[in-house]
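**Q** Below you'll find the structure I mean.
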Amino acid sequence: RAKKDGRNAYRFFTSEMQAQSARALLLENALRRALERGQLSLHYQPQFALTEDDEALESQIIGAEALLRWQHPELGWVSPAEFIPVAESSGLILPIGEWVLKEALSQLVRWDRAGLPGLTMAVNLSAVQFRHDNLPELVDRLLGEVGLPAGRLELELTEGAAMHNPTVAITVMNALHARGVRLSIDDFGTGHSSLSYLKKFRVSKLKIDQSFVRDLTEDAEDRAIVDAVIRMAGALGLETLAEGVETPGQLDFLRRQGCQAVQGYLFSRPLTAAAFEEFVVAHIQAPLSAYAI
Ligand code: C2E
Ligand code: MG
Ligand code: MG
Ligand code: MG
(Lines give C-alpha, C1' and ligand atoms only; values in the text may rest on other atoms or scores of the structure.)
(Ligands and ions follow the chains in the order given, each with its own letter.)
Protein backbone atom coordinates (compact mmCIF):
# COMPACT_ATOMS: atom_id res chain seq x y z
CA ARG A 1 0.00 0.00 0.00
CA ALA A 2 1.00 3.59 -0.44
CA LYS A 3 3.00 5.28 2.34
CA LYS A 4 1.22 7.58 4.73
CA ASP A 5 2.19 10.72 2.79
CA GLY A 6 1.03 9.48 -0.52
CA ARG A 7 -2.12 7.94 0.77
CA ASN A 8 -4.45 10.89 0.53
CA ALA A 9 -3.27 11.62 -2.96
CA TYR A 10 -3.89 8.00 -3.91
CA ARG A 11 -7.36 8.01 -2.41
CA PHE A 12 -8.22 11.29 -4.07
CA PHE A 13 -7.05 9.86 -7.37
CA THR A 14 -9.19 6.75 -7.08
CA SER A 15 -12.32 8.61 -6.03
CA GLU A 16 -11.85 11.02 -8.90
CA MET A 17 -11.44 8.09 -11.25
CA GLN A 18 -14.58 6.51 -9.81
CA ALA A 19 -16.56 9.69 -10.29
CA GLN A 20 -15.34 9.92 -13.87
CA SER A 21 -16.24 6.37 -14.74
CA ALA A 22 -19.61 6.71 -13.00
CA ARG A 23 -20.33 9.75 -15.18
CA ALA A 24 -19.15 7.86 -18.26
CA LEU A 25 -21.47 4.97 -17.40
CA LEU A 26 -24.37 7.33 -16.81
CA LEU A 27 -23.72 9.01 -20.16
CA GLU A 28 -23.38 5.68 -21.93
CA ASN A 29 -26.74 4.47 -20.65
CA ALA A 30 -28.42 7.75 -21.50
CA LEU A 31 -26.76 7.87 -24.92
CA ARG A 32 -28.04 4.39 -25.70
CA ARG A 33 -31.56 5.82 -25.81
CA ALA A 34 -30.75 9.27 -27.14
CA LEU A 35 -31.26 8.42 -30.81
CA GLU A 36 -34.66 6.75 -30.48
CA ARG A 37 -35.83 9.49 -28.10
CA GLY A 38 -34.96 12.22 -30.56
CA GLN A 39 -32.45 13.95 -28.26
CA LEU A 40 -29.76 14.28 -30.93
CA SER A 41 -29.68 17.10 -33.44
CA LEU A 42 -27.23 18.75 -35.77
CA HIS A 43 -26.07 22.32 -35.84
CA TYR A 44 -24.32 23.74 -38.88
CA GLN A 45 -21.41 26.15 -39.01
CA PRO A 46 -20.83 27.99 -42.28
CA GLN A 47 -17.47 27.68 -44.03
CA PHE A 48 -16.18 30.48 -46.24
CA ALA A 49 -13.79 30.68 -49.16
CA LEU A 50 -11.58 33.78 -49.17
CA THR A 51 -11.04 35.35 -52.53
CA GLU A 52 -9.40 38.59 -53.40
CA ASP A 53 -11.06 40.85 -55.90
CA ASP A 54 -9.46 44.23 -56.70
CA GLU A 55 -7.71 44.25 -53.31
CA ALA A 56 -11.04 43.86 -51.56
CA LEU A 57 -11.67 40.75 -49.55
CA GLU A 58 -14.58 38.68 -50.68
CA SER A 59 -15.93 35.81 -48.68
CA GLN A 60 -18.26 33.25 -50.09
CA ILE A 61 -20.12 30.54 -48.23
CA ILE A 62 -18.95 27.23 -49.61
CA GLY A 63 -20.30 24.78 -47.14
CA ALA A 64 -21.40 23.76 -43.68
CA GLU A 65 -19.81 21.64 -40.99
CA ALA A 66 -22.36 19.45 -39.25
CA LEU A 67 -21.83 19.40 -35.48
CA LEU A 68 -23.66 16.96 -33.26
CA ARG A 69 -25.72 18.21 -30.32
CA TRP A 70 -27.26 16.21 -27.48
CA GLN A 71 -29.93 17.57 -25.17
CA HIS A 72 -30.94 15.24 -22.35
CA PRO A 73 -34.03 16.02 -20.23
CA GLU A 74 -32.10 15.84 -16.91
CA LEU A 75 -28.45 16.27 -17.93
CA GLY A 76 -29.16 19.23 -20.20
CA TRP A 77 -26.87 19.95 -23.12
CA VAL A 78 -23.91 17.57 -23.04
CA SER A 79 -20.83 18.68 -24.95
CA PRO A 80 -19.64 16.50 -27.85
CA ALA A 81 -16.16 16.72 -26.33
CA GLU A 82 -17.62 14.69 -23.45
CA PHE A 83 -20.06 12.32 -25.15
CA ILE A 84 -18.22 11.50 -28.40
CA PRO A 85 -15.48 9.59 -26.49
CA VAL A 86 -18.22 7.68 -24.63
CA ALA A 87 -19.94 6.91 -27.93
CA GLU A 88 -16.63 5.68 -29.34
CA SER A 89 -15.68 3.42 -26.45
CA SER A 90 -19.17 1.89 -26.29
CA GLY A 91 -19.54 1.32 -30.05
CA LEU A 92 -22.60 3.61 -30.07
CA ILE A 93 -20.72 5.89 -32.46
CA LEU A 94 -21.59 3.52 -35.33
CA PRO A 95 -25.38 3.96 -35.26
CA ILE A 96 -25.04 7.58 -34.15
CA GLY A 97 -22.48 8.32 -36.87
CA GLU A 98 -24.75 6.77 -39.48
CA TRP A 99 -27.62 8.94 -38.26
CA VAL A 100 -25.39 12.04 -38.47
CA LEU A 101 -24.40 11.25 -42.05
CA LYS A 102 -27.99 10.58 -43.12
CA GLU A 103 -29.36 13.66 -41.38
CA ALA A 104 -26.62 15.98 -42.71
CA LEU A 105 -27.10 14.75 -46.29
CA SER A 106 -30.89 15.00 -46.02
CA GLN A 107 -30.51 18.58 -44.80
CA LEU A 108 -28.30 19.39 -47.77
CA VAL A 109 -31.07 18.15 -50.07
CA ARG A 110 -33.60 20.35 -48.23
CA TRP A 111 -31.32 23.37 -48.70
CA ASP A 112 -30.90 22.56 -52.38
CA ARG A 113 -34.69 22.48 -52.74
CA ALA A 114 -34.95 25.79 -50.88
CA GLY A 115 -32.70 27.32 -53.54
CA LEU A 116 -29.46 27.69 -51.59
CA PRO A 117 -26.27 27.58 -53.69
CA GLY A 118 -24.76 24.09 -54.00
CA LEU A 119 -22.95 23.79 -50.69
CA THR A 120 -20.59 21.10 -49.48
CA MET A 121 -21.52 19.26 -46.29
CA ALA A 122 -18.60 18.47 -44.01
CA VAL A 123 -19.24 15.64 -41.56
CA ASN A 124 -16.92 14.61 -38.71
CA LEU A 125 -15.93 10.99 -38.76
CA SER A 126 -14.71 9.16 -35.70
CA ALA A 127 -11.71 6.83 -35.94
CA VAL A 128 -14.06 3.93 -35.11
CA GLN A 129 -16.28 4.70 -38.11
CA PHE A 130 -13.29 5.21 -40.36
CA ARG A 131 -11.86 1.81 -39.43
CA HIS A 132 -15.18 0.02 -39.81
CA ASP A 133 -15.22 -2.30 -42.84
CA ASN A 134 -18.31 -1.01 -44.57
CA LEU A 135 -17.69 2.76 -44.52
CA PRO A 136 -17.39 3.19 -48.33
CA GLU A 137 -20.53 1.08 -48.87
CA LEU A 138 -22.41 2.97 -46.16
CA VAL A 139 -21.49 6.28 -47.77
CA ASP A 140 -22.59 4.96 -51.17
CA ARG A 141 -25.90 3.79 -49.82
CA LEU A 142 -26.69 7.03 -47.97
CA LEU A 143 -25.75 9.21 -50.96
CA GLY A 144 -27.96 7.01 -53.13
CA GLU A 145 -30.87 7.23 -50.70
CA VAL A 146 -30.86 11.02 -50.64
CA GLY A 147 -29.81 11.35 -54.28
CA LEU A 148 -26.68 13.49 -53.98
CA PRO A 149 -23.40 13.18 -55.90
CA ALA A 150 -20.42 12.15 -53.74
CA GLY A 151 -18.65 15.45 -54.43
CA ARG A 152 -21.11 17.27 -52.16
CA LEU A 153 -19.83 15.36 -49.12
CA GLU A 154 -16.62 16.04 -47.27
CA LEU A 155 -15.51 13.75 -44.44
CA GLU A 156 -13.35 15.20 -41.66
CA LEU A 157 -10.80 12.86 -40.14
CA THR A 158 -8.36 13.55 -37.36
CA GLU A 159 -4.69 12.75 -37.72
CA GLY A 160 -5.12 10.05 -35.08
CA ALA A 161 -7.80 8.31 -37.14
CA ALA A 162 -5.61 8.40 -40.24
CA MET A 163 -2.33 7.47 -38.54
CA HIS A 164 -3.66 4.65 -36.36
CA ASN A 165 -3.03 2.25 -39.21
CA PRO A 166 -1.79 4.20 -42.22
CA THR A 167 -1.91 1.22 -44.58
CA VAL A 168 -5.59 0.60 -43.86
CA ALA A 169 -6.23 4.36 -43.93
CA ILE A 170 -4.78 4.61 -47.44
CA THR A 171 -7.03 1.79 -48.66
CA VAL A 172 -10.16 3.38 -47.17
CA MET A 173 -9.18 6.83 -48.48
CA ASN A 174 -8.64 5.40 -51.95
CA ALA A 175 -12.06 3.74 -51.85
CA LEU A 176 -13.74 7.01 -50.82
CA HIS A 177 -11.69 9.05 -53.29
CA ALA A 178 -12.65 6.70 -56.13
CA ARG A 179 -16.29 7.51 -55.38
CA GLY A 180 -15.60 11.25 -55.40
CA VAL A 181 -15.98 11.90 -51.66
CA ARG A 182 -13.67 14.64 -50.39
CA LEU A 183 -11.56 14.15 -47.28
CA SER A 184 -10.02 16.68 -44.94
CA ILE A 185 -7.71 16.36 -41.95
CA ASP A 186 -9.36 17.99 -38.92
CA ASP A 187 -7.43 19.68 -36.09
CA PHE A 188 -4.28 19.54 -38.21
CA GLY A 189 -1.12 20.04 -36.19
CA THR A 190 -2.43 18.69 -32.88
CA GLY A 191 -2.05 14.98 -33.58
CA HIS A 192 1.03 13.04 -34.45
CA SER A 193 0.87 12.75 -38.18
CA SER A 194 3.89 11.72 -40.10
CA LEU A 195 4.36 14.32 -42.80
CA SER A 196 5.59 11.66 -45.22
CA TYR A 197 2.09 10.19 -45.22
CA LEU A 198 0.45 13.41 -46.29
CA LYS A 199 1.47 12.81 -49.87
CA LYS A 200 0.07 9.27 -49.78
CA PHE A 201 -3.21 10.20 -48.14
CA ARG A 202 -6.05 11.05 -50.49
CA VAL A 203 -7.03 14.20 -48.68
CA SER A 204 -7.85 17.50 -50.32
CA LYS A 205 -7.77 19.84 -47.35
CA LEU A 206 -6.01 20.51 -44.05
CA LYS A 207 -8.09 22.16 -41.34
CA ILE A 208 -5.67 24.22 -39.26
CA ASP A 209 -6.55 23.65 -35.62
CA GLN A 210 -8.06 26.53 -33.68
CA SER A 211 -5.32 26.29 -31.03
CA PHE A 212 -2.89 27.79 -33.58
CA VAL A 213 -5.38 30.44 -34.69
CA ARG A 214 -6.39 31.65 -31.22
CA ASP A 215 -3.26 33.73 -30.45
CA LEU A 216 -2.16 34.46 -34.02
CA THR A 217 -2.02 38.20 -33.52
CA GLU A 218 0.09 38.01 -30.32
CA ASP A 219 2.17 34.87 -30.77
CA ALA A 220 4.97 34.87 -33.37
CA GLU A 221 5.44 31.11 -33.01
CA ASP A 222 1.80 30.41 -33.86
CA ARG A 223 2.18 32.71 -36.86
CA ALA A 224 5.26 30.75 -37.96
CA ILE A 225 3.42 27.43 -37.59
CA VAL A 226 0.34 28.59 -39.47
CA ASP A 227 2.47 30.12 -42.21
CA ALA A 228 4.45 26.88 -42.55
CA VAL A 229 1.32 24.73 -42.72
CA ILE A 230 -0.22 26.94 -45.43
CA ARG A 231 2.98 26.85 -47.50
CA MET A 232 3.43 23.11 -47.11
CA ALA A 233 -0.19 22.47 -48.02
CA GLY A 234 0.19 24.67 -51.09
CA ALA A 235 3.31 22.79 -52.19
CA LEU A 236 1.48 19.47 -51.77
CA GLY A 237 -1.58 20.68 -53.65
CA LEU A 238 -3.80 20.71 -50.55
CA GLU A 239 -6.25 23.41 -49.56
CA THR A 240 -6.22 24.97 -46.11
CA LEU A 241 -9.14 26.00 -43.92
CA ALA A 242 -8.48 27.77 -40.63
CA GLU A 243 -10.79 26.88 -37.73
CA GLY A 244 -11.79 29.09 -34.83
CA VAL A 245 -11.40 32.46 -36.54
CA GLU A 246 -12.79 34.99 -34.07
CA THR A 247 -11.20 38.34 -34.91
CA PRO A 248 -10.57 40.50 -38.00
CA GLY A 249 -6.85 40.46 -37.10
CA GLN A 250 -6.69 36.68 -37.35
CA LEU A 251 -8.62 36.76 -40.61
CA ASP A 252 -6.32 39.39 -42.04
CA PHE A 253 -3.19 37.35 -41.27
CA LEU A 254 -4.69 34.14 -42.69
CA ARG A 255 -5.77 35.88 -45.87
CA ARG A 256 -2.33 37.44 -46.39
CA GLN A 257 -0.62 34.07 -45.98
CA GLY A 258 -2.90 32.57 -48.60
CA CYS A 259 -5.23 30.46 -46.50
CA GLN A 260 -8.15 29.58 -48.80
CA ALA A 261 -10.97 29.11 -46.36
CA VAL A 262 -12.11 29.90 -42.83
CA GLN A 263 -14.77 29.18 -40.28
CA GLY A 264 -15.32 30.61 -36.83
CA TYR A 265 -17.35 32.81 -34.53
CA LEU A 266 -16.25 35.95 -36.43
CA PHE A 267 -18.59 34.79 -39.17
CA SER A 268 -21.03 32.61 -37.31
CA ARG A 269 -21.47 30.14 -34.50
CA PRO A 270 -22.93 26.74 -35.38
CA LEU A 271 -26.63 27.31 -36.18
CA THR A 272 -29.83 25.31 -36.37
CA ALA A 273 -30.77 24.31 -39.91
CA ALA A 274 -33.39 27.07 -40.11
CA ALA A 275 -31.02 29.75 -38.81
CA PHE A 276 -28.29 28.56 -41.17
CA GLU A 277 -30.63 28.97 -44.12
CA GLU A 278 -31.49 32.53 -43.07
CA PHE A 279 -27.82 33.28 -42.55
CA VAL A 280 -26.90 32.12 -46.06
CA VAL A 281 -29.65 34.20 -47.64
CA ALA A 282 -28.62 37.30 -45.65
CA HIS A 283 -24.95 36.75 -46.49
CA ILE A 284 -25.63 36.49 -50.21
CA GLN A 285 -27.49 39.78 -50.03
CA ALA A 286 -24.92 41.63 -47.92
CA PRO A 287 -21.57 39.91 -48.28
CA LEU A 288 -18.98 41.57 -46.05
CA SER A 289 -20.69 44.22 -44.01
CA ALA A 290 -21.24 41.99 -41.00
CA TYR A 291 -17.59 41.36 -40.22
CA ALA A 292 -16.25 44.92 -40.08
CA ILE A 293 -13.29 44.17 -42.30
P1 C2E B 1 -14.18 19.94 -34.54
O2 C2E B 1 -14.67 19.05 -35.62
O3 C2E B 1 -12.78 20.39 -34.62
O4 C2E B 1 -15.21 21.16 -34.52
C5 C2E B 1 -14.87 22.47 -34.21
C6 C2E B 1 -15.35 22.87 -32.84
O7 C2E B 1 -14.99 24.22 -32.60
C8 C2E B 1 -16.86 22.81 -32.64
O9 C2E B 1 -17.11 22.49 -31.27
C10 C2E B 1 -17.28 24.26 -32.93
O11 C2E B 1 -18.51 24.61 -32.34
C12 C2E B 1 -16.13 25.00 -32.31
N13 C2E B 1 -15.90 26.32 -32.92
C14 C2E B 1 -16.22 26.76 -34.15
N15 C2E B 1 -15.81 28.03 -34.34
C16 C2E B 1 -15.21 28.42 -33.20
C17 C2E B 1 -14.58 29.65 -32.78
O18 C2E B 1 -14.48 30.63 -33.51
N19 C2E B 1 -14.06 29.66 -31.52
C20 C2E B 1 -14.14 28.58 -30.70
N21 C2E B 1 -13.61 28.70 -29.48
N22 C2E B 1 -14.72 27.41 -31.05
C23 C2E B 1 -15.25 27.34 -32.30
P24 C2E B 1 -18.19 21.39 -30.87
O25 C2E B 1 -19.40 21.53 -31.73
O26 C2E B 1 -18.32 21.46 -29.39
O27 C2E B 1 -17.49 20.03 -31.27
C28 C2E B 1 -16.33 19.57 -30.63
C29 C2E B 1 -15.76 18.36 -31.32
O30 C2E B 1 -16.66 17.24 -31.20
C31 C2E B 1 -15.56 18.53 -32.82
O32 C2E B 1 -14.36 19.25 -33.08
C33 C2E B 1 -15.50 17.09 -33.26
O34 C2E B 1 -14.21 16.55 -33.03
C35 C2E B 1 -16.49 16.42 -32.32
N36 C2E B 1 -17.77 16.25 -33.02
C37 C2E B 1 -18.81 17.11 -33.16
N38 C2E B 1 -19.80 16.56 -33.90
C39 C2E B 1 -19.37 15.32 -34.25
C40 C2E B 1 -19.94 14.23 -35.01
O41 C2E B 1 -21.03 14.30 -35.60
N42 C2E B 1 -19.18 13.08 -35.10
C43 C2E B 1 -17.96 12.97 -34.52
N44 C2E B 1 -17.29 11.80 -34.67
N45 C2E B 1 -17.39 13.95 -33.82
C46 C2E B 1 -18.09 15.12 -33.68
MG1 MG C 1 -14.52 19.02 -37.57
MG1 MG D 1 -11.34 20.83 -35.73
MG1 MG E 1 -11.70 19.30 -32.51
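The values are calculated or read from the model by the stated rules, or taken from the named source; none is laboratory data. Only a predicted model underlies this, so the values are computations on that prediction, with no experimental measurement involved. Counting neighbours? That spans all protein chains shown, and the Cβs are built from the backbone with ideal geometry, glycine included. The area values use the complete protein model at the heavy-atom level, side chains included, leaving out ligands, DNA and RNA. Shrake-Rupley method; radii C 1.70, N 1.55, O 1.52, S 1.80 Å.
**Q** At what distance in angstrom do the alpha carbon centres of segment 46-104 and segment 198-239 lie from each other?
**A** 21 Å
**Q** Right, another one. With the chain treated as a Gaussian network of Cα nodes joined by springs under 10 Å, which of D112, D209, D187 yields the largest mean-square fluctuation?
**A** D112
**Q** Starting from segment 136-231, pick out the trypsin sites (Lys or Arg not before Pro) whose DSSP state is loop and whose Cβ has at most 12 other Cβ atoms within 10 Å.
**A** Qualifying residues, ordered by number: K199.
**Q** Return one number: the angle in degrees, 0 to 90 and rounded to the nearest 10, between the long axis of the Cα atoms of helix 135-146 and the longest principal axis of the Cα atoms of the chain.
**A** On a 0 to 90 degree scale, this one is about 60.
**Q** How do Y44, Y197 rank by accessible surface area computed with a 1.4 Å probe, from largest to smallest?
**A** From most accessible down to least: Y197, Y44.
**Q** Roll a 1.4 Å probe over the protein chains and send me the accessible area per residue for the chain in Å².
**A** 50 Å²
**Q** Moving on. Probe radius 1.4 Å, ligands and nucleic acids left out: which of H283, H177, H164, H192 has the largest accessible area, and how do the rest follow?
**A** H192, H164, H177, H283
**Q** Placing +1 at every Lys and Arg Cβ and -1 at every Asp and Glu Cβ, with all other atoms neutral, what dipole size does segment 219-273 have around its Cα centre, in debye to the nearest 20?
**A** 200 debye
**Q** Shifting gears a bit: Select from L238, Q71, V109 the residue farthest towards the positive end of the dipole of the chain; place +1 on Cβ of Lys and Arg, -1 on Cβ of Asp and Glu, and compute about the Cα centre.
**A** Result: Q71, furthest along the dipole toward the positive end.
**Q** Also, I was wondering about something else. Please report, for the Cα atoms of segment 30-160, the Rg to one decimal and the Dmax as a whole number; what are they, in angstrom?
**A** 16.3, 54
**Q** Can you list the HN-Hα couplings for segment 171-178, worked out from phi with the Karplus curve (6.51, -1.76, 1.60; θ = phi - 60°), rounded to whole Hz and with x for Gly and Pro?
**A** With the stated coefficients, segment 171-178 comes to 4, 5, 4, 4, 5, 5, 4, 4 Hz.
**Q** Here's something else I'd like to know. Once the Cβ-Cβ distance between E221 and Y265 is put in as r, and R0 is 25 Å, what FRET efficiency do you end up with, to the nearest 0.05?
**A** Using R0 = 25 Å, I get an efficiency of 0.60.
**Q** Which of A122, A274, A261 ends up with the largest GNM mean-square fluctuation for the chain, with Cα atoms connected below 10 Å?
**A** A274
**Q** Another question about this same structure. Rg and Dmax of segment 126-241, using alpha carbons, in Å: what are they?
**A** 15.2, 48
**Q** In the chain, what percentage of the DSSP-assigned beta bridges are antiparallel, given to the nearest 5?
**A** 50 percent
**Q** Say R0 is 35 Å: what FRET efficiency, to the nearest 0.05, do E36 and E278 get from their beta-carbon distance?
**A** 0.70
**Q** T272's amide H: which non-local residues (gap 5+, or another chain) put their own amide H closer than 5 Å, with H modeled 1.01 Å from N in plane and none for Pro or chain starts?
**A** Y44
**Q** As I understand it, the value is the acute angle between the Cα axis of helix 220-235 and the longest principal axis of the Cα atoms of the chain; what does it come to in degrees, rounded to 10?
**A** 60 degrees
**Q** From largest accessible area down, sort I170, I225, I96, I284; use a 1.4 Å probe on the protein chains.
**A** The ranking, largest first, comes out as I284, I225, I170, I96.
**Q** Right, next: If the chain were replaced by its equivalent ellipsoid, with semi-axes equal to the square roots of 5 times the Cα gyration tensor eigenvalues, what would those be, largest first, whole Å?
**A** Gyration-tensor ellipsoid for the chain: 32, 25, 22 Å.
**Q** Over segment 123-261, what percent of the accessible surface lies on carbon and sulfur atoms, probe 1.4 Å?
**A** Taking all protein chains in place, segment 123-261 shows 50 percent carbon and sulfur surface.
**Q** Provide the gained length on full extension for the span Q20 to H192, in nm with one decimal, where the gain is 0.36 nm per separating residue minus the Cα-Cα distance.
**A** 59.3 nm
**Q** While we're on this one: Could you check which residue among G97, G191, G38 shows the biggest mean-square fluctuation in a GNM of the chain with a 10 Å Cα cutoff?
**A** G38
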